[in-house]
Amino acid sequence: MKNFMYLLTAVAITWQGCTSSAQQEETTRATEVVPVKIMPLAQSAVRPTLKLSGQLTTDDETLLAFKTGGIVQSVLVKEGDAVRKGQLLAALDLTEIQAQVAQARLSLEKAQRDFTRVSRLYADSVATLEQFQNAQTGLAVAEQQHKAASFNLEHSQIRAAADGFVLRKLVSEGQVVGPGVPVLQTNGAKKGNWLLRAGASDRQWAALTVGDTATAEVDAFPGTPVRATLTRKSEGADAATGLFTVEFSLKPTADKWAAGLFAKLVVTPARAQKAWAIPYDALLDGDAQTGYVFITNDNKQALRTPVEIQEIQKNVILVSRGLESARNLIVTGNAYLKDSAAINVINP
């Protein structure tokens, strides 16, 4: 029993000694001065590259519809067909609209007869001025009704507005459609006026200027870069995505493009921006957007500072926010630092 008590006493003394040693070591580390190297911080004008993506389209995509409603008699094209300007693409059953035109023509003929008769009577002082004016008005109304009916007849057929291609066929023969319901979607891709419509964040939108040049590459045709030019920036964000729409004009390559093809853009804005260029070693726990660095304003204490990354380039990292009040950046020795740690600058 005595031996057991001696053993417990020895273990307790040993544990107390180990605990004291660990606490002492931790205290020593906490008060240890870490040697570091620093560099002064200053903003510089940089032109970070912007990477965008979007889809190919044209500046004249059009949804074609009938002016009047009715039964679709024929759709003469299919999706992907090439069309020429003025080519007949679809038509309604004209039975009803032709009857309306005939009624309007008969009403016009009657109004013309009435006006001729009343004019003669008015000239002989048999008809009154009021009767003459009413006949004159009736003729004018009949003429306009006939014009409207003829206009509706003309637009009961759909013709191509320009040379291009059929993108979508939205109805079939025998289907009943209302006025203005889209029947076909076409574009003028034959002109070669291609656009790349992409979504940009608020910062990307602010960095871009109309006229900026870019390099585009269509995913379906890798290895064939195309020069693009920014032609339009939207003045409001899309409610669904929260992104701003930007449009780049570009000329097609020898490959045949199609509306909806996915493409990537690399833009170097003409307008320079202010940013801090820092070495890779200075950034800790960084990703494509955020990270943190250690700075010092008095060369005696290290301060942990979160930063916002603008771009990761080949040799440096561009920081857009977080270093506004910083004087010096710690570039070596930062892996051993904690916030508010004491430092010894070895390259003052």
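The values are calculated or read from the model by the stated rules, or taken from the named source; none is laboratory data. If you're wondering where the values come from, they're calculated on a predicted model, not measured in any experiment. Every residue, glycine among them, receives a Cβ derived from its backbone with ideal geometry; neighbour counts consider all protein chains shown.
Do you know which residues across the range 332-343 are surrounded by 13 or more Cβ atoms within 10 Å (Cβ to Cβ) and of a type in the set (S, T, N, Q)? Hits for the range 332-343 are THR332, ASN334. Only one entry of ALA220, ALA263 meets the criterion of being in a strand (DSSP E or B) and closer than 27 Å to GLY80 by Cα, and that entry is ALA263. Quick one: is ARG197 among the basic types (Lys, Arg), touching a residue at least 60 places away in the same chain (Cβ under 8 Å) and closer than 24 Å to VAL75 by Cβ? In short, no. Of all the residues in the range 114-146, those that are surrounded by 12 or more Cβ atoms within 10 Å (Cβ to Cβ) and either of a type in the set (Lys, Arg) or within 28 Å of GLU173 (Cα to Cα) (or both) number 1.
Among the residues of the range 150-185, those identified as out of contact with any Lys or Arg (no Cβ under 7 Å at 6 or more places or on another chain), in a strand (DSSP E or B) and under 15 Å from PHE66 (Cβ atoms) are GLN157, ILE158, ARG159, VAL176, VAL177, PRO182, VAL183. Are any residues in the range 36-54 part of a strand (DSSP E or B) and at pLDDT below 80, and if so, which ones? Hit for the range 36-54 is VAL46, nothing else.
On the given criteria, is ALA90 surrounded by 15 or more Cβ atoms within 10 Å (Cβ to Cβ), outside the structural domain of LEU230 (by TED's automatic domain parsing), touching a residue at least 24 places away in the same chain (Cβ under 8 Å) and part of a strand (DSSP E or B)? The answer is yes for ALA90. Please specify each residue of the range 218-239 satisfying the condition of being acidic (Asp, Glu) and under 21 Å from ASP59 (Cβ atoms). GLU235, ASP238, listed by residue number.
Output the residues belonging to the range 105-145 that are among the basic types (Lys, Arg) and touching a residue at least 40 places away in the same chain (Cβ under 8 Å). If the condition is that a residue be among the basic types (Lys, Arg) and touching a residue at least 40 places away in the same chain (Cβ under 8 Å), then ARG105 is the only one that fits. The condition of being outside the structural domain of PRO40 (by TED's automatic domain parsing), polar (S, T, N, Q), at pLDDT below 90 and in contact with a strand residue (DSSP E or B) (Cβ under 9 Å, 6 or more places away or on another chain) holds for THR253.
Condition test on GLY260, is it over 14 Å from PRO225 (Cα atoms) and not assigned by TED's automatic domain parsing to the domain that holds LEU41? In short, yes.
Quick one: which of LEU323, LEU303, LEU329 is in the same structural domain as PRO40 (by TED's automatic domain parsing), surrounded by fewer than 19 Cβ atoms within 10 Å (Cβ to Cβ) and modelled with pLDDT of 90 or more? Result of the check over LEU323, LEU303, LEU329: LEU303. Residues of the range 216-244 that are surrounded by 11 or more Cβ atoms within 10 Å (Cβ to Cβ), over 16 Å from PRO269 (Cα atoms) and touching a residue at least 12 places away in the same chain (Cβ under 8 Å): GLU217, VAL218, ALA220, PHE221, THR224, VAL226, SER234, ALA237, ASP238, LEU243, PHE244.
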